[in-house]
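Written below as structure tokens is the structure these notes are about.
The values are calculated or read from the model by the stated rules, or taken from the named source; none is laboratory data. Model, not experiment: these values are computed from the prediction. In this analysis, Cβ positions are derived from the backbone assuming ideal geometry, glycine residues included, and neighbour counts consider all displayed protein chains. Calculation scope for accessible area: heavy atoms of the full protein, side chains included, ligands and nucleic acids excluded. Shrake-Rupley method; radii C 1.70, N 1.55, O 1.52, S 1.80 Å.
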Amino acid sequence: MKKTSLVSLVSVVTIGLTLAGGATASASTSTKISMVGSTALQPLAETAAKSYMSDHKSVSIDVQGGGSGTGLSQVSSGAATIGNSDLFAEQQSGIDAKKLQDHKEAVVGMAPVVNPDLKVDNLTMIQLRKIFTGKITNWKQVGGPDKKIVVINRVKGSGARATFEKAVLDGKKAVNGQEQDSNGTVQKLVYNTPGAISYLAFSYTETDQVKALKIDGVAPTAKNVENNKWKIWSYEHMYTKGKATGETKFFLKYMESSKVQKKTVEKLGYISVSDMKMTKDADGNVTKK
């Protein structure tokens, strides 16, 4: 009995040490991936990261916003593993694009949005330009109520702002006004401000808090983005410093999988790059594929 007990005790201790050693090894080999940047890309990044982590228990992925400029600067400095951006790296001053690798993971459409109670559903591109350059200041000038227009812009360095101004302002200077750094904040402000107008990624317009406007009678839909009938769109980039390696490489491959591209991307209001009939370069030139 004593021998049996001693053997059993030794076995238990040995197993315990093995498990402890295994836990230590597992903890030491866990991988952390940090993503920072575009708030337009954030919902897709968060959803994909959560799904990936559920299948890869040793991987921890932290997703934060902050804007495209922040994403590009953070990945360039090595402070983040992945920099999320609505901008091409070449479009951001102070960034050496040659040191970054571009992974285009989706396309985002952006639409002008107003307070849901505003009795305006359509603007011409010229009217929209005049509103954001301060030439039109009251909704009655575009067939709406006698109400002051409150322009809510995005901060300088925002990928959404760069995309919107490139497509809408035709090189003209934006009017001075409120500036916000995230889609979520803009959405709340437009909802709580009568007469407000701003612009949001499609994924933030599918709510009763804002109303997306047509431009020249064209609706802001994925199909209209795919053939460039809707002009305000950009790629959603995930940049890495140099070539992606290890778990980061596997995660980026997962982003390009049919599970993400054919399900998650569409569900969240984005457009798969593979569905685009057009391409766009860093200078904004659009051509057929």
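Some values worked out for this structure:
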read-out	value
Label point at SER274 placed 7 Å out along Cα→Cβ; residues across region 29-45 whose backbone nitrogen lies under 20 Å	44-45
Leading residue at positive end of dipole, region 116-156 (Cβ point charges), from PRO116, ILE152, TRP139	ILE152
Cα-centre dipole for the chain with unit charges at Cβ (Lys and Arg positive, Asp and Glu negative), debye to 20	160
Reduced Cα scattering model of region 52-105, Debye log10 I(q)/I(0), q = 0.14, 0.18, 0.25, 0.28 Å⁻¹	-0.40, -0.61, -0.98, -1.14
Probe 1.4 Å, protein heavy atoms only - accessible area per residue of the chain in square angstrom	51
The chain - percent of accessible surface contributed by carbon and sulfur, probe 1.4 Å	53
Choice from SER38, SER51, SER73 with maximal GNM fluctuation in the chain (Cα, 10 Å cutoff)	SER51
Anchor LYS277: lysines whose Cα lies under 17 Å away (excluding residues fewer than 8 positions away in-chain)	LYS104, LYS223, LYS229, LYS231, LYS262, LYS288, LYS289
Trypsin sites (Lys or Arg not before Pro) restricted to region 104-135 and DSSP loop, no more than 13 other C-beta within 10 Å	LYS119, LYS135
For region 145-238, alpha-carbon Rg and Dmax in angstrom	13.3, 44
Positive-end residue, the chain charge dipole about Cα centroid, Cβ charges, pick of GLY37, ASN183, ALA222	ALA222
Helix-derived mean residue ellipticity, 222 nm - over the chain, DSSP H n ≥ 4, -39500 (n - 2.57), to 500	-10000 deg cm²/dmol
Net charge, ALA174 excluded, C-beta distance under 11 Å - Lys, Arg +1, Asp, Glu -1	+4
Dimensions (Å) - the chain, Cα atoms, principal axes, largest first	97, 40, 32
Rough spin-label spacing in nm, given labels placed 7 Å along Cα→Cβ, for ASP208 and ALA79	4.1
Mean Kyte hydropathy of 0.5 or more with a Cα span along the axis of at least 15 Å, helices from DSSP in the chain	2-28
Rough spin-label spacing in nm, given labels placed 7 Å along Cα→Cβ, for ALA97 and THR31	2.8
Pairwise label distance in nanometres, THR47 with ASP62, each label 7 Å out on the Cα-Cβ vector	2.5
